[in-house]
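Participant: I am attaching a structure below and will ask some questions about it afterwards.
The values are calculated or read from the model by the stated rules, or taken from the named source; none is laboratory data. It should be emphasised that the depicted structure is a prediction, and the values quoted were computed from it without experimental measurement. Note that we place each Cβ from the backbone using ideal geometry, even for glycine, and neighbour counts take in every protein chain shown. Ligands, DNA and RNA are stripped out before the accessible areas are found, and what is left, the full protein with its side chains, is counted by its heavy atoms. Shrake-Rupley method; radii C 1.70, N 1.55, O 1.52, S 1.80 Å.
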Amino acid sequence: MLKLKPKEFNNSLATEIAKMAVESLWSNKLRTGLTMLGMIIGISSVVAITSVGQGVQKATEQQIQSLGSDVILVLAGASTAGGISQGGGSASTLTWDDAEAVATQASAAKTVTAFLQRGSIQVVYGGQNISTAVVGTDLNYPDVKDTHPEQGQYFSQADLDSASPVVVLGTKVKEQLFGEQEAIGKEIRIQKQLFRVIGVMPTKGAVGNMDQDDRVFIPLTNMSRRIVGNNAISGVSISGFWVSAEDSTQLDAIQFQVTNLLRLRHNIYPPQFDDFRIINQVDIANTYTSIVGMFTLMIGAIAGISLVVGGIGIANIMLVSVVERTKEIGIRKAMGATKNAILTQFLTEAIIVSTVGGSIGIGFGMGIAIAASSLMKIPLVVSPWSIITGFGISASVGLVAGVVPATNAAKLDPITALRSE
């Protein structure tokens, strides 16, 4: 390590060196700007990508939580057509009695709600004709899923008992059928049967390919009798049921109890396979978060490579600068400038370029993050650590990149330098 005399680091000398460094950079604006460009691109990429990645991760967590963070989903088995599975819930392996048995016999279960769902069913109002998912549910659905109508009301026990033709619309269906018109009290046709609109659900968004707003809700009894028809050997066939817990720590206990109870009810013994499937929302949330986090880290690392490229650019420009300013260096040395003063000036120039470029890059990165948040409809998450890390890396890269050129400049022989052209 070079040892500098204390007098060389007094305030006036430090100020003079900084002033000379700034003047040198300002006199070569194009070169300085191009040198900064690599740092600007690198830092803005790191900040923007990290922010967008964390925003997507946050949005994913919110969407999964909108399905219910303290619930498990139990789906009926999958039927096959032409050797192709039709997906969980498509076979008639679960009944409403199964859901009620879980509600009364699974001690860890808080609330259970059964549902019978069919996709791509024709819904008509006036001249509007759309295809959407129709979900038959019981009264517990709004509580388990934490989604109560924002307009009107959900159907009542009397509606469920009498299989009343009433319907609650998802927001997307409401907009497609009625636009800005009032929907409550109007009648729509579902598979040529009239249903009276009594409520509109709040916006919940989409999770994967499942749009929670593109669906309508009717009493499970009506769905079973009039839309689908009873197709279980005994009881009311359902696609599945949701089971809520007091908190997420009870989900594993619920899953264990539900699995054993359904196996007993369905006479399933090893090595037979279960005729149902259980999905744990916490597991889904953790999986999504892990995947998005890995992608963010990977892309952020790729963006970080551009910081190294920017550092190489600074080193190259500084090396060229030393060659171009050889005579200037010789004059300064002849006038008494020490090696340490020359070294400090060139290091100062490199650090100024990297820190100014890093600051501009942070501004651009935050601007990109804000724009992406608005366009992609995701939360704006700007991590302080990405800014601190990016700025620290840019300053460090500038310092490291400037060491070799600065050392070369400091070692120049003043007589040789003065003779150069």
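Participant: With both partners inside the range 137-252, how many of the DSSP beta bridges are antiparallel, as a percent to the nearest 5?
Facilitator: 65
Participant: Now a separate question. Rounded, prolate or oblate: pick one for the range 161-224, where a ≥ b ≥ c are the square roots of the eigenvalues of its C-alpha gyration tensor, a/c under 1.5 means rounded, and failing that, prolate if a/b is larger than b/c, else oblate.
Facilitator: Note, shape of the range 161-224 comes out oblate.
Participant: May I pose another question? Can you compute the FRET efficiency between V308 and N280 using 1/(1 + (r/R0)^6), with r the Cβ-Cβ distance and R0 = 41 Å? Round to the nearest 0.05.
Facilitator: The formula returns an efficiency of 0.45 here.
Participant: Let me ask something else about it. Out of residues 5 or more away from V381 or on other chains, whose amide H comes under 5 Å of its own, with H placed 1.01 Å from N in the peptide plane?
Facilitator: G55
Participant: Okay, next question. Which of the pairs K145/K192; K19/K411; K145/K174; K58/K172 have their Cα atoms more than 27 Å apart in this structure?
Facilitator: Those over the limit are K145/K192.
Participant: List the aspartates and glutamates whose Cα sits under 15 Å from the Cα of K327, skipping any in the same chain fewer than 8 residues away.
Facilitator: Reachable aspartates and glutamates: D413, E421.
Participant: For V197, V309, what's the largest-to-smallest order of accessible area, 1.4 Å probe?
Facilitator: Largest to smallest exposure gives the sequence V309, V197.
Participant: Given a Förster distance of 60 angstrom, what is the FRET efficiency for S374 paired with D161, based on the Cβ-Cβ distance and rounded to 0.05?
Facilitator: About 0.80, to the nearest 0.05.
Participant: Sticking with this structure for a sec: In what sequence, highest mean first, do 382-389, 161-168 appear when ranked by Cβ atoms within 10 angstrom?
Facilitator: Ranked by mean Cβ neighbours within 10 Å, highest first: 161-168, 382-389.
Participant: Now for a separate question. With a 1.4 Å probe and all protein chains kept in place, how much accessible area does I302 have, in Å² rounded to the nearest 10?
Facilitator: Around 100 Å² of this residue is reachable by solvent.
Participant: What nm value, rounded to one decimal, do you get for the distance between I360 and M335 when each label is placed 7 Å out toward the C-beta?
Facilitator: In this crude spin-label approximation the distance works out to 2.9 nm.
Participant: Report the gain in length on full extension from Q105 to Q191: 0.36 nm times residue separation, minus Cα-Cα distance, nm rounded to one decimal.
Facilitator: Contour length minus the Cα-Cα distance gives 27.3 nm.
Participant: Under a point spin-label approximation (7 Å from Cα along Cα-to-Cβ), what is the Q62-Q181 distance to one decimal in nm?
Facilitator: 3.2
Participant: Please grab the % of Cα pairs in the range 121-265 that end up more than 18 Å from each other.
Facilitator: Beyond 18 Å sits 60 percent of the P(r) for the range 121-265.
Participant: For the range 115-200, which whole-number percentage of the solvent-accessible area (1.4 Å probe, protein heavy atoms only) is attributable to carbon and sulfur atoms?
Facilitator: Here it works out to 42 percent.
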